[in-house]
Each structure stands twice: as structure tokens, then as C-alpha cells.
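Input: a single structure, listed below in C-alpha cells.
The values are calculated or read from the model by the stated rules, or taken from the named source; none is laboratory data. Note that the structure is predicted; figures quoted are calculated from it, not measured. Positions of Cβ are backbone-derived with ideal geometry, glycine not excepted, and every protein chain shown enters the neighbour counts.
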Amino acid sequence: MKRITIVILLIILAGLIFWYLTRRNPTGEAVNTDREPTQGQELETNEQNETNDQDTEALNTSNWETYTSTAHGFTIRHPQEIDIQNTDDGELLSLWGPSQQEGTEFYDGISLHFTSGSLEGQTLDEYVNQIHTDAQNDPINEQVSAVQPILIGEESGLTFDVRGYGDSTYIYLRKGEDEYLRITENTQDPSSQGFEKITDAMLQSLRLVE
């Protein structure tokens with residue numbers, strides 16, 4: 001009986017020694033398991049929290065305006081501060097982000113370009129697949145994604161992404177008997193201003209008109 005008691009005491013003592021050693025670092029100082037986060041950790045956590053807040057926060061569109069394009073046959077809702085330009089090859093709705101500089105490539109803000117044209121007797125699938133093949137064969141493009149179906153507002157269409165001299169998303173919607181509406185989306189949001197969320201809401205408000 002005495003031998004069993006001694007064995008039990010030795011086991012308990014070994015356990016206590018093991019626990020004590022595992023709570024000390026090689027220098028002999030006690031390890032603090034309740035350390036305060038470092039500045040870098042705090043910054044990363046704060047950025048994650050801000051991003052999560054932006055994702056869950058409802059987008060207020062009550063003061064948005066409606067733009068009607070008679071040239072390309074669509075309407076779209078947008079924030080009041082959006083700049084609208086009529087160009088030779090279409091219409092551009094854009095908003096510069098805080099770091100965007102004049103005279104440089106577009107890298108910060110909202111950018112939606114609209115143009116339209118003839119399908120030349122082809123179906124939308126045939127036309128887009130030809131454009132997609134041309135994009136794949138263009139040496140300036142580093143990567144071209146597969147063509148995918150997309151729903152914009154109430155309209156079904158096709159889309160693919162191109163990465164090269166910038167990142168662009170091309171969206172094609174059938175318009176009328178033999179026409180298409182092409183949307184080129186170049187929105188960039190390096191400082192998490194919520195531009196992508198605004199762009200998505202704008203696109204989902206789009207309606208085709210005669």
C-alpha cells in the first residue's frame with residue numbers, strides 16, 4: 001500500500017514539473033499567455049472590422065439620381081457625386097477615389113463605361129465568344145477568364161474578366177432584335193471606400209429602354 005502511494009505522488013510531482021516548464025520560455029522567464037496585441041495586430045484587426053462593417057452596412061440609395069441614355073438605350077441609378085461624360089465611343093460614369101491622380105491610369109474609384117452596337121446577325125453567345133477569343137489572342141492581356149452568365153437587373157447576359165494593362169470586367173446584354181449593350185467595369189477600391197458595393201447596386205438598378 002505504501003509503495004502505491006509513493007508511485008501516485010511521483011506521478012503528480014512529474015505532472016506539476018511538466019506544467020511549470022511548459023509555461024516558461026528558454027530564457028527562464030514566465031510566458032504571458034494573456035499578452036496584449038501588438039500594434040500591427042491591432043491595425044490588422046481594426047481593418048478587418050472596418051471591412052466587415054462595410055459589408056454588412058445597408059447602402060442608402062434614397063438620394064440617388066437616375067440617368068437615362070437615349071444613345072444606348074438604358075437607365076441607371078447612381079450617387080449624386082458620380083461624374084457623367086459623353087465620349088466618342090460611349091458614356092462614362094465615374095467617381096475618383098482619394099488617391100486617384102489626374103493624368104495617370106485609373107486605379108482608385110468607380111468606373112462604368114457603356115456602349116452599344118450591332119450583333120451582325122449573330123446570337124449574343126456567338127458574338128461574345130468571338131470577342132472573348134480575340135481577347136485571349138491579344139498579347140497585351142495576361143489573363144482572360146471564361147465566359148460566364150450574369151444577371152444585371154432584370155436582364156440576362158454574359159461576362160468575362162480581362163487582366164492586362166489593368167483589370168476589366170466586360171458585360172454584354174442583348175438589346176432589341178440585333179443589338180447589344182456592353183458595360184466595361186473598371187472599379188478599383190484600394191482604400192476600402194465601398195466602391196465595389198456601390199458599383200454592384202448601380203448595375204442592379206440598370207434597365208434597358210427602347
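Structure values in brief
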| item | result |
| --- | --- |
| Test set (1) among the hydrophobic types (A, V, I, L, M, F, W, C); (2) closer than 16 Å to L158 by Cβ; (3) surrounded by fewer than 17 Cβ atoms within 10 Å (Cβ to Cβ) - A71 fails condition number | (2) |
| Residues within segment 149-202 that are hydrophobic (A, V, I, L, M, F, W, C) and closer than 19 Å to A71 by Cβ, tallied | 6 |
| Hey, S156 surrounded by fewer than 17 Cβ atoms within 10 Å (Cβ to Cβ), part of a strand (DSSP E or B) and in the same structural domain as I82 (by TED's automatic domain parsing) or not | yes |
| Residues of segment 184-210 that turn out to be assigned to a loop (DSSP other than H, G, I, E, B) and in contact with a helix residue (DSSP H, G or I) (Cβ under 7 Å, 6 or more places away or on another chain), as a count | 4 |
| Counted residues, segment 142-152 - those being assigned to a loop (DSSP other than H, G, I, E, B) and either aliphatic (A, V, I, L, M) or under 27 Å from Q193 (Cα atoms) (or both) | 3 |
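Conditions (1) surrounded by fewer than 17 Cβ atoms within 10 Å (Cβ to Cβ); (2) among the aliphatic types (A, V, I, L, M); (3) farther than 20 Å from E65 by Cα, marked per residue:
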position: P79; (1), (2), (3): no, no, no
position: N86; (1), (2), (3): yes, no, no
position: E91; (1), (2), (3): no, no, no
position: T104; (1), (2), (3): yes, no, yes
position: Y107; (1), (2), (3): yes, no, yes
